Amino acid sequence: MIFHAYSRSSASFSLCADHPRFVNIMNQLSQRKRETLTALLVIFFCAQLLHTLFNVNNWPFCSYNMFNFVTPLQTKIIRVALHLDDGGQQLVAPGNILPLEFFKANSLIVNVYGVSADERRKEQLSEMILRRLNSDPWPAFDETYRAARAPHGSKYVGFDLVLNAEDYSQYKYGEELRPTAQTVFYSYRDGAEKTGR
Amino acid sequence: VDSKQTSQAGYEGGAAEFLFNQPNACQRLSLARIFLAVICLVQVLFGAYDRFYAETSEILFSPGFPFYFFPPLGKGFYLLKAVTILSAVALGLGLKTRSANVVLAGSFLLLNFYVSYFGASTWSYNTHLNFFLIALCFADSSRHYSLDKLLNRPRRAALRPVGQETASFVLSFMQIYVAVLYLQSGVSKLLYGGMGWYLGGQTLFVFTIRGGTSFGLYLAQYPWVFKLLAVGTGIFEFGFFFLCFYRKAHKLLAVAATVFHLSVWLTMGISFWFLWLLLPALFWLKSGEPTPRPLLSRQG
C-alpha cells in the first residue's frame, strides 16, 4: 500500500516537542492531502498527454509536437525577397523580418498573409516591418534570428513573400541550394502599389 | 533502521517515496528557484518579448483560452514586462521570496499568454516555466541561497512548517514534467511521423539544411549521420521518461539531456536552453545533509 496514515499519539508529542526534528514531524502531509496531490498530478499529465494524442496546442498546455512529421526531400518553404532603394534584393527567412522566434515568424506570415483576407492588416503589418528593419534592427538571440540589414546608405522599400520549392536531395556542402520553382504570394512596396496574388 | 523509519513516515518506496521524500528537496528547490528566475529574466530581457508586441497589439492580438477577454495592451506591454523583470530579480535573489514568486508567476503567465495570441498558432514551448513558477508558490524556496535567509527575514515563514514533503512534491512535479515532455515529444513523432521518422532521419536532415549551423551544414554531407541522430533521439526521449522514476539514474539523465540538447544546438541551432539549464537542480544535485527522518513511531 502506498499511503499510510501517520500516527501521532499525545504521548509522542509530549516526549518529542522540544526535539529539533519536531518541526519536521509537523510537516507530514495527511494521507488525504497526499492522495489529492497525486490525483491532481495524474490529471494534469493526462491533460498534457491528450494534447499530444490529438496533436493540438492549447496554451498553456503543449503537445510538444515539434518536428513530428517526416519532411519530404522536395518541399516548399516561405522566403522573403527584400527590395532595396538602390534596386538591390536580399532573400531572407521570415525570422529575419520579424523579431519573434523563427517558428512563430513562419506561422505569423502564413496566418496573416496566406490564410487571412484582411488586406488592411497586411498593409499595416508590412509598413511596420519595413519601418522596424530600417530604423531599429534587432540582434539574434537563441531562436530569434538577427534582423535583415540593408547595406550602409541603403534602405528597404518593399518585399515579396515567396514560396520556394526546394529539393534537399540536391544539397552539396558549400553550395547554395537553389529553388526549383518560385511563387510570389504577396508583394508590398513602401508608399506604392501593393499586390496580393 | 532506515527502512523502518521510512515505513513509519508512510513512504515505503514506490510512488509515495518518489513524490514526497526527495532527498534535500528544500535545498534543491531553492536552487531551482534561482535558475527559474534567471531563465525568466534572460528570456524577457533578451528574448523574443520584443516591442513588436506593443506596436502591433491593435492589429494582431486576438485573445483565447483561458483569458478570452484580455484586452490589447499596447504600451501596457512594457509595464507587464517591467513587473516580470523586477519580480524575477527579487525571486532570483530570494528577496521577499514568497511575494516575488507569486508576482512573477502571475506576470509571466500573463506575458506568455499575451505573446502566444499574436496572429499565429499558439506555439509556445516554454510554458513549463509558467507551470513551475506556479508550483513553486506552494513551497518555501527561501530556506537556502536567499537574501531572506541571510537577513533572517522570513519571520512569518519561520512559524510555518518547513514543508519538506511539499517541497519534495513540487520538485517531483518538475521532474515528471520534464520526463513527460520528452515522452510527449517521442509519442508525437511516433504517432504522426511513424517509425520512419526515427529510422530515416530525414526531418533532421532537411531542417538542418534549412536553418542549421555551419557544423550542421557540414554534417549534412553525410545523411547517414542524421539517421543515427534520429535513432538517438528516440532512445533518449522514451528512455528519459522510464528512467526518471529511478533516482539512481538521475545523474545519467541530466548528462544525457545536456548532451542531447547540445547536439541539437550544434547542428540545428535550437538550444532549448530554458529547459535543460534547470536539469542540474532537478536531477543532478543531491548533496548536503540527508533529509531528517521523523522520530515518532506508531508505538510512541
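The values are calculated or read from the model by the stated rules, or taken from the named source; none is laboratory data. Everything numeric here is computed off the predicted structure, so don't read it as measured data. Glycine gets a Cβ as well: all are built from the backbone with ideal geometry, and neighbour counts include every protein chain shown. Calculation scope for accessible area: heavy atoms of the full protein, side chains included, ligands and nucleic acids excluded. Shrake-Rupley method; radii C 1.70, N 1.55, O 1.52, S 1.80 Å.
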Count of residues meeting criterion [touching a residue at least 24 places away in the same chain (Cβ under 8 Å) and surrounded by 17 or more Cβ atoms within 10 Å (Cβ to Cβ)] in segment B:266-279: 9
Close pairs (8 angstrom Cβ cut-off, 6 or more residues apart or separate chains): in contact (Cβ under 8 Å) with a residue 60 or more places away in the chain in segment B:168-191, of a type in the set (K, R) anywhere: B:L171/B:R28
When residues of segment B:86-139 are limited to those that are open to solvent by 40 Å² or more (accessible area, probe 1.4 Å) and among the β-branched types (V, I, T), the one nearest to A:K104 (Cα to Cα): B:I134
Single unsatisfied condition, B:F52 versus (1) in contact (Cβ under 8 Å) with a residue 40 or more places away in the chain; (2) open to solvent by less than 20 Å² (accessible area, probe 1.4 Å); (3) out of contact with any helix residue (DSSP H, G or I) (no Cβ under 6 Å at 6 or more places or on another chain): (1)
Tally of residues being open to solvent by less than 70 Å² (accessible area, probe 1.4 Å) and more than 20 Å from A:Q89 (Cβ to Cβ) across segment A:124-149: 10
Segment A:95-118 residues that are without any contact (Cβ under 8 Å) to a residue 60 or more places away in the chain, paired with ones that are part of a loop (DSSP other than H, G, I, E, B) and among the acidic types (D, E) (beta carbon under 8 Å, 6 or more apart): A:P99/B:D50; A:L100/B:D50; A:E101/A:D142; A:E101/A:E143; A:F102/A:E143; A:F103/A:E143; A:V112/A:D118
Every residue from segment B:211-222 that is free of Cβ contacts under 8 Å to residues at least 40 places away in the same chain, in a helix (DSSP H, G or I) and more than 9 Å from chain A (Cβ to nearest Cβ): B:S214
Search result, residues across segment B:55-70 that are assigned to a loop (DSSP other than H, G, I, E, B), hydrophobic (A, V, I, L, M, F, W, C) and touching a residue at least 12 places away in the same chain (Cβ under 8 Å): B:F67, B:F70
All positions within segment B:127-164 that are over 22 Å from B:L93 (Cβ atoms) and at pLDDT 90 or above: B:T127, B:H128, B:F131
Residue that is surrounded by fewer than 19 Cβ atoms within 10 Å (Cβ to Cβ), in a helix (DSSP H, G or I) and either among the aromatic types (F, W, Y) or modelled with pLDDT of 90 or more (or both), where the choices are B:L45, B:L41, B:L29: B:L45
Test result for A:V110, under 30 Å from B:S185 (Cβ atoms), at pLDDT below 95, assigned to a helix (DSSP H, G or I) and more than 7 Å from chain B (Cβ to nearest Cβ): yes
Residue match in segment A:157-167 (condition: more than 27 Å from the chain's Cα centre (by Cα) and modelled with pLDDT of 95 or more): yes
Pairs where the first residue, in segment A:119-145, is more than 7 Å from chain B (Cβ to nearest Cβ) and the second is part of a helix (DSSP H, G or I) and surrounded by fewer than 16 Cβ atoms within 10 Å (Cβ to Cβ), C-beta under 9 Å, 6+ apart: A:P139/B:F46
Segment A:60-101: number of residues that are outside any loop (DSSP other than H, G, I, E, B) and either farther than 24 Å from B:V264 by Cα or open to solvent by 40 Å² or more (accessible area, probe 1.4 Å) (or both): 12
Boolean, A:V80 is closer than 16 Å to A:W138 by Cβ and more than 7 Å from every other protein chain (Cβ to nearest Cβ): yes
